[in-house]
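Structure first, commentary second.
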Amino acid sequence: MAKVSLVWVATPGLDDLDPALVAKAAGMALDQGGLLEAAVVTTSQEQAPKQLRQRLVGLPVAWLELAAEVGGGPEAHRLARAAVAVSRAAGRAAKGTLPPVYAPQPAQSVLVAGAGYSALAAAWESAALGHPVTLATPFEAFDQAGADDDPEAVSLMAAQLPAQVELVPHSELTRLIGGAGGFNVWLSTNGDAPQTYGAVFLAPPGELAVGCEVDGLDPALCCPVSQLNPEDYQAPADGWLHVAVLAGTAEPVPSYSFSAALDAALALARRPRVQVTLLYSEARVAAPGGEKLFRDCREAGVLIARVATGGLQVRADGRELAWLDPLLGEELELAPAAMVLAQQATASRPAWLDNDLLIKPWGELVPDNPRLAGGRTSRTGLYLTGALRGTAPGDARRAEAAAAAAAMHEVLTGKVVPMPVVRDSFCASCLTCVRTCPHGAPRYAVEHIQCAPAACLACGACAAECPAEAIAPPGWGNPEMFSSLEWGLALAAEPKMVLFACAASGMPAVASLSAQGHEWPAGLVIYPLVCAARMSQVLLLKALELGAKRVLVAGCHPGNCRSVTGNHKAMAKIASLSGDLAALGLPPEAMEFLPLAANQTRELAQKVAAMAQGLGEE
């Protein structure tokens, strides 16, 4: 086991702490500038001085944002908390884990497979960042527009492509394996010969189609929004013309589709004696001018009716509509003379994209998740843009391509990335890691697990699920985490508690509270995680075995996890241990999950305080 030294870097929040006293309390030597075996540094790797980072290259290092874990309170209390945090970090560094790393490579090749404005924009943006680009298009001409594109805009974009974009006509992506920094792809023009790319953009040509409305409507009454000519709608001489505008009745439509439906409703409502009823399941008014359009429709006399998702009933061979009005508590009926249907951009999904083992199910690959917007997917280095993503034609696709290219460039060139460690002698080739990893890092190749160079985000999902403990991001294996818990809990006061905090939610809340001077309980060990996906039953029970009376996991809210289901998995594991807690004589609150956003500091403070108070009353 390596001898760990404390490397003190003064940061805000540590001003009144004596480094020598902290090191002594943690049972460590304070660095004096000599040779080191392993180190705990009291700041993040990004904030550490360049000279220090260079000095520590090749050593086991635990980078510790100490001020975030100390918090406020009397000097003696803060000193004790600093010792606990430093000791916890030292337990990990003492294991001497040296990670294999992916070194950034600025000019990695990028494949863009598709056609139309989105594909051209992705190629242009990637090339502008210095990447050689291959644009594989199914068309003869690379300036051919998709059905939902503006041909003039596509032609202009094609004329502006840089010279480092290689054009491959009549070519489609037929297979893909690997991840960021090491994709193997097969193009229809290359037969069985794979090619290697650092990142892949998929942007097939699209079209506008009706896809979010209930089935069974009479086609003779229906008109898609894009084909609407309001002047064709004439009221009879002795009455009114009733028109229904359906804007996402089976499921919500994107905001641009909803705005187009509002435009149609407003144009029709301005016709003489035309009564318009707008039916929708969710008002998506986030598009520019969307809220004003909605108000304008009301003021123009459009009848607004929100229906439950999928709750619109179709009768009389598709000529009558019925729905339950939630305010009146009554069923309403409408027999419109015409129906206008919202449309959204769509594209055919390649068959290889539906391989649920090699590529995650669509809902996991492209979840409704704010952390995976801008063309990104859960598979690091794979970007889906344009109509395939349902993105509005025009400027929105250019913005999406730019965001995706920037994310790609950061992944491939941003910083050194640790690669997962695979112990082949332990591996049973069960493929659990391949199925579990949301980011596409591990894959099965030639009788062993191989990891894509830049795909790992260190979420730890593989380490949490591997039954043989054969794979883990460096420093996140059970031996390192057990040692870290043991060292931290050994110094913590009674009653001991552990807070596992996700880097995207729990830890920012912790850091914010500490910066405000919040006083944490003396017995609380804060354990930062990259993601709650790292939690396993073994790790949770180990914390209890080492003396913790309460274990709290603070992770993202449902739908916000960067690893898609890391929070759900952590919740499920805690729930699965409820019977074991009872058998151990522990109450249900001994182990809990707290859904949290980074700005929900009050909720975190109240929960930790309630834990400490509950233990004090036992």
Original post:
Tell me, what is the FRET efficiency for L328 and A597 to the nearest 0.05, using R0 = 45 angstrom and their Cβ-Cβ distance as r?
Top reply: 0.80
**OP:** Pull up the DSSP beta bridges for the chain and report the antiparallel fraction as a percent, rounded to 5.
**Re:** 30
Original post:
So, with a 1.4 angstrom probe, what is the percent of accessible area on the chain that is carbon and sulfur?
Top reply: 53
**OP:** Starting from the Cα of A2, step 7 Å along the direction of its Cβ; do the same at A316; then give the gap between the two resulting points in nm.
**Re:** 7.8
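Output the relative contact order of segment 219-344, whole-number percent, from Cα pairs under 8 angstrom with separation of 6+ residues.
In percent, rounded to a whole number, it is 35.
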Original post:
What order do V133, V285 take when sorted by accessible area (1.4 Å probe), most exposed first?
Top reply: V285, V133
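Is the shape of segment 550-618 best called rounded, prolate or oblate, per the rule: a/c under 1.5 gives rounded, else a/b larger than b/c gives prolate, else oblate, with a ≥ b ≥ c the square roots of the Cα gyration tensor eigenvalues?
Values: a/c = 4.40, a/b = 1.26, b/c = 3.50.
Oblate, because a/c is 1.5 or more while a/b does not exceed b/c.
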Subject >> Mean Cα-pair separation over length for segment 338-394, i.e. relative contact order, pairs under 8 Å, 6 or more apart, % >> reply: 36
**OP:** Find out how many positive minus negative residues lie around V525, taking Lys and Arg as positive, Asp and Glu as negative, among other residues whose Cβ is under 13 Å from that of V525.
**Re:** +4
**OP:** On the full set of protein chains, 1.4 Å probe, figure out the accessible area of W487 and give it in Å² to the nearest 10.
**Re:** 80
Original post:
Relative to the first principal axis of the alpha-carbon coordinates of the chain, what is the inclination of helix 601-617, with its axis defined by its Cα atoms, in degrees from 0 to 90 and to the nearest 10?
Top reply: 50
Original post:
Just one of (1) 17, 45, 33, 5, 0; (2) 18, 41, 32, 9, 0; (3) 16, 35, 28, 15, 6, 0 is P(r) over Cα pairs in 20 Å bins from 0, in percent as worked out from the coordinates here. Which one is it?
Top reply: (2)
Original post:
Going by the alpha-carbon gyration tensor, a ≥ b ≥ c the square roots of its eigenvalues, is segment 501-602 rounded (a/c under 1.5) or, if a/c is not under 1.5, prolate (a/b greater than b/c) versus oblate?
Top reply: oblate
**OP:** Pop a pseudo-label 7 angstrom from the Cα along the beta-carbon direction at both R53 and L98 and give the gap in nm to one decimal.
**Re:** 2.0
**OP:** Quick one: net charge around E282, please, counting Lys, Arg +1 and Asp, Glu -1 for every other residue with C-beta under 11 Å from its C-beta.
**Re:** +1
Original post:
Using the alpha-carbon centroid of each, what span in Å lies between segment 326-360 and segment 464-493?
Top reply: 46
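Please label the shape of segment 1-156 as rounded, prolate or oblate, based on the square roots a ≥ b ≥ c of the eigenvalues of the alpha-carbon gyration tensor (a/c under 1.5 means rounded; beyond that, a/b larger than b/c means prolate, else oblate).
Prolate.
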Original post:
Using the alpha-carbon centroid of each, what span in Å lies between segment 47-106 and segment 513-577?
Top reply: 19
Subject >> 20 Å reach of a label modelled at D395, 7 Å along Cα-to-Cβ, counting backbone N of segment 287-331 >> reply: 287-294
**OP:** Determine one quarter of the surface area of the Cα convex hull of segment 124-269, which equals its mean projected area, and express it in nm² to one decimal.
**Re:** 12.9
Subject >> Subset of K542/K573; K24/K50; K549/K607; K496/K607; K24/K496 violating a 19 Å alpha-carbon distance limit >> reply: K24/K50; K24/K496
**OP:** Give, in nm to one decimal, the length gained when the segment between A128 and E589 is fully stretched (0.36 nm per residue of separation minus the Cα-Cα distance).
**Re:** 160.6 nm
Original post:
Tell me, what HN-Hα J-couplings in whole Hz come from the Karplus equation 6.51 cos²θ - 1.76 cosθ + 1.60 at θ = phi - 60° for each residue of segment 260-273, using x for Gly and Pro?
Top reply: 5, 5, 5, 4, 5, 4, 5, 5, 5, 5, 7, 7, x, 6
Original post:
Do you know the relative contact order of the chain, to the nearest whole percent, from alpha carbon pairs under 8 angstrom that are 6+ apart?
Top reply: 14
Subject >> Label-to-label distance, nm, for residues given as A237 and S578 (7 Å Cα→Cβ offset) >> reply: 7.2
Original post:
Taking only protein heavy atoms and a 1.4 Å probe, what accessible area per residue, in Å², does the chain have with all protein chains in place?
Top reply: 42
Original post:
How much net charge surrounds W476 when only other residues with a Cβ under 10 Å from its Cβ are counted (Lys, Arg +1; Asp, Glu -1)?
Top reply: +1
Original post:
Residues of segment 353-375 with amide nitrogen under 20 Å from the 7 Å Cα-to-Cβ point of S188?
Top reply: 353-355
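The values are calculated or read from the model by the stated rules, or taken from the named source; none is laboratory data. Being a predicted model, the structure only gives us computed values, none of them experimental. Cβ atoms come from the backbone with ideal geometry, glycine included; neighbour counts cover every protein chain shown. These accessible areas exclude ligands, DNA and RNA; they are computed on the full protein's heavy atoms, side chains included. Shrake-Rupley method; radii C 1.70, N 1.55, O 1.52, S 1.80 Å.
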